[in-house]
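The values are calculated or read from the model by the stated rules, or taken from the named source; none is laboratory data. This one's a predicted model, so the numbers in the text were calculated from it and none came from an experiment. Neighbour counts are summed over all protein chains in view; Cβ atoms, including those assigned to glycine, are modelled from backbone coordinates with ideal geometry.
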Amino acid sequence: MKAFKFLLKDRESKPRNKGITMVLDKGLGYETAKCLMELAGEYVDYLKFGWGTTVVQDEHIVKAKIKMYKKYDIKPYTGGTLFELAYLNNKVPEFFDEAKRLGFDTLEISNGSTELSYDKKLDYIEEAVSNGFHVLSEVGKKNPVLDKDITLDERIQHMENELNAGSSKVIVEAREGGKNIGIFDEAGKAKDDEIDYIINNMSDSDKIIWEAPQKDQQVYFVLKLGRDVNLGNIPTDDIISLETIRCGLRGDTLGKF
């Protein structure tokens, strides 16, 4: 039982379709990850093994963490950069096989760091789904200059196409820092007009996961779209903090719902 449970408002239980929290694992040790999930696992829906971090970890640790995360009804998955690395090396079939062998049921498909064509990206989403994977796809470029070349209408069309190709959710790129990329300006402040445009023109904006690695960005989205907004790239240290923001247990959102 939770301490002061009478002050806690219930949230949708897992598996959730909204109010999703996607957390970034940048290379946690097994015991650290286990302790963290004992404390906060009920608040995590997706756990991303960031970029290519799995490649430099012993596979027994990766497999153990995957198994442990799943015990908490969390979907662990590979970051999109790892898929892009497989693409660059002409090893996508091997990538799918290895992901299955390690225990991943979920993958991220992206083209943020490579020149993978958009049509080919859609083909890979369909291929991953046909191979039995739950797919998240990320829209946007990691290079701010290239990302600015994508218009809002193009971004929206990409998200719609990727959902139609089989992605269960689409992620709006903001990287680990959340500055000068996509929906955030150089200071990390949300571009409100652009976010409104995306929301108002998407057929189902509940299928968007907004990367919001900074606390002020998390507060912004919760106040704007409610506590059941989908947020991603949450640092491991911020899992509990974000949940208190969602539940109105922090000054930023106290009494705001």
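Annotation: of all residues in the range 42-57 being modelled with pLDDT under 95 and not in a loop (DSSP other than H, G, I, E, B), the one that is farthest from Gly80 (Cα to Cα) is Val56. Within the range 105-127, the presence of at least one residue that is modelled with pLDDT of 90 or more, surrounded by 15 or more Cβ atoms within 10 Å (Cβ to Cβ), more than 29 Å from Asp196 (Cβ to Cβ) and hydrophobic (A, V, I, L, M, F, W, C) is confirmed. Within the range 1-19, residues that are within 13 Å of Tyr43 (Cα to Cα) and in a loop (DSSP other than H, G, I, E, B) reach partners that are modelled with pLDDT of 90 or more and hydroxyl-bearing (Ser, Thr, Tyr) with beta carbons closer than 9 Å, at six or more positions or on different chains, in the pairs Arg11/Tyr43; Lys14/Tyr72.
In the set Ser205, Ser241, only one residue is of a type in the set (Gly, Ala, Ser), closer than 25 Å to Glu38 by Cβ and more than 14 Å from the chain's Cα centre (by Cα); that residue is Ser241.
Determine if the range 142-164 includes at least one residue that is over 30 Å from Asp123 (Cβ atoms) and either within 17 Å of the chain's Cα centre (by Cα) or surrounded by fewer than 14 Cβ atoms within 10 Å (Cβ to Cβ) (or both). No, every residue in the range 142-164 fails to be over 30 Å from Asp123 (Cβ atoms) and either within 17 Å of the chain's Cα centre (by Cα) or surrounded by fewer than 14 Cβ atoms within 10 Å (Cβ to Cβ) (or both).
Going by the conditions given, is Leu28 touching a residue at least 60 places away in the same chain (Cβ under 8 Å), closer than 30 Å to Lys2 by Cα and in a helix (DSSP H, G or I)? It is false that Leu28 is touching a residue at least 60 places away in the same chain (Cβ under 8 Å), closer than 30 Å to Lys2 by Cα and in a helix (DSSP H, G or I).
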